[in-house]
Amino acid sequence: MNITLSSLTNLLRIKVIVKFIDCKEGNITMKSISLLFLILTATSTSVALAQMTMKPSPDDLKPKTSFQKFSDRLKIGYFGVVTTPHLDDMEKGHWNNAAISPEFGQTPEGDGKNRDTWPANVWHQIGFNYNFGAKMNFVFNPRFMTPLATPTDMKDPEDRSFIELEDIFLGFQGVVYASEDKKFNLFIRPGMRLPVSRGSRNFPNGNPTFGALTQQVELSLLPSYDFNSTWQIGVFNQNRVWIYDDRYNYSRVRIYTAPYIQYTINDVSRIQLYYESMLENSRRWESINGSKPMFTDLWQNVYVGYSRDYTSKFSAMPFVSVFVDDVPLTDKSVWFGAQISYAIK
């Protein structure tokens, strides 16, 4: 608001009115009352006129284009996960395998059970989140991977590309229910992964073309509860089905469940403790051909991480992780990683 010079002058005149007030014996003269009334009226009028003369910014008057309206509703972010081999391999300088096991390694038990067939890597996701006015937003998430090992340390059947496309997720996400006190929230994310990823990194399983591309349907749920501003609990659940060719059956199923506890230290830092359980059907070649799935492949892991917002856009959470299904627990059960996120827009 711009105040004119006359407005400021009238405000200063209020102090002058004291000199015209006759306070003898507690009486104020009619002349003093009239003068005070005139000055206050002039002052309020000047301020009101100054407010009325405020002009909006030219940018506010200019109508937004369709692209600007679209851009206002669009958010773009990056999320990445760095994974390492287990501690024993790191100590020996072996970077052939990462200590993650979505394929359960090459052996059902023993030293290789919790070692993935891929080298240490960085998993990337570019997230496009568009709010079109509904309760859930539309999401489009391309996902890809960058191996960190040298080509000589990478074994078959690894793709040795610097950037390897994993899949592209299409779906919707949002909080569909919240309690009146906002402590309990239910987040869901239904969607599917476009058929650009391999059903198995070890295909063709006797067929040179089968399983090269699959459609993957999934539903993710996250109920959470805030006890207060410090403590929060939740359970992340993801149910994912691989559809091979035209076989609409339980070809391959993954049930991932991760209860967690979060402790908020301050406005920018948190400590998170997760327990991960991933169950898949074994003997998947039988399920592909219509046999009833047998869920015996179980992978369990616990990790604790320290999350910190370094800027309003960038945050990171280094963590240490332990495979709890290893018996006994050794340095081959321990591995490290980090989650990184950045708000591009």
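The values are calculated or read from the model by the stated rules, or taken from the named source; none is laboratory data. Computed from a prediction, not measured in an experiment: that's the story for all the values here. Counting neighbours? That spans all protein chains shown, and the Cβs are built from the backbone with ideal geometry, glycine included.
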**Q.** Residues located in the range 306-345, provided they are in a loop (DSSP other than H, G, I, E, B), among the charged types (D, E, K, R) and more than 23 Å from the chain's Cα centre (by Cα)
**A.** Asp325, Asp326
**Q.** Among (1) within 15 Å of Ile188 (Cα to Cα); (2) touching a helix residue (DSSP H, G or I) at 6+ places or on another chain (Cβ under 8 Å), the one test that Gly234 misses
**A.** (2)
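Conditions (1) outside any strand (DSSP E or B); (2) over 22 Å from Glu166 (Cβ atoms); (3) in contact with a Gly (Cβ under 9 Å, 6 or more places away or on another chain), marked per residue:
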| position | (1), (2), (3) |
| --- | --- |
| Gln215 | no, no, no |
| Val235 | no, yes, no |
| Trp242 | no, no, yes |
| Tyr248 | no, yes, no |
| Pro259 | no, yes, yes |
| Asp267 | yes, yes, no |
| Leu273 | no, yes, yes |
| Glu276 | no, no, no |
| Leu279 | no, no, no |
Q) Do we have any residue at all in the range 67-78 that's crowded, with 17+ Cβ neighbours inside 10 Å and modelled with pLDDT of 70 or more? A) no
Q: Considering only the range 249-304, state which residues are farther than 20 Å from Asp325 by Cβ, modelled with pLDDT under 85 and among the hydrophobic types (A, V, I, L, M, F, W, C).
A: Trp285, Ile288
Q: Return a yes/no flag: does the range 103-121 have any residue that is surrounded by 15 or more Cβ atoms within 10 Å (Cβ to Cβ), at pLDDT 80 or above and either on the phi > 0 side of the Ramachandran plot or not basic (Lys, Arg) (or both).
A: yes
Q: Could you please let me know if Phe144 is at pLDDT 80 or above, among the aromatic types (Phe, Trp, Tyr) and touching a His at 6+ places or on another chain (Cβ under 9 Å)?
A: yes
**Q.** the range 305-331 residues that are touching a residue at least 60 places away in the same chain (Cβ under 8 Å) and at positive phi, paired with ones that are assigned to a loop (DSSP other than H, G, I, E, B) and surrounded by 15 or more Cβ atoms within 10 Å (Cβ to Cβ) (beta carbon under 6 Å, 6 or more apart)
**A.** none
Q | Positions within the range 240-276 being of a type outside the set (D, E, K, R) and either in contact with a Cys (Cβ under 8 Å, 6 or more places away or on another chain) or more than 23 Å from Met317 (Cβ to Cβ) (or both), in sequence order | A | Val241, Trp242, Ile243, Tyr244, Tyr248, Asn249, Tyr250, Ser251, Val253, Ile255
Q. Pick from the range 231-268 the residues that are surrounded by 15 or more Cβ atoms within 10 Å (Cβ to Cβ) and within 27 Å of Tyr310 (Cα to Cα): which of them is nearest to the chain's Cα centre (by Cα)?
A. Phe236
Q | Every residue from the range 123-143 that is of a type in the set (Phe, Trp, Tyr), surrounded by 17 or more Cβ atoms within 10 Å (Cβ to Cβ) and over 17 Å from Asp72 (Cβ atoms) | A | Trp123
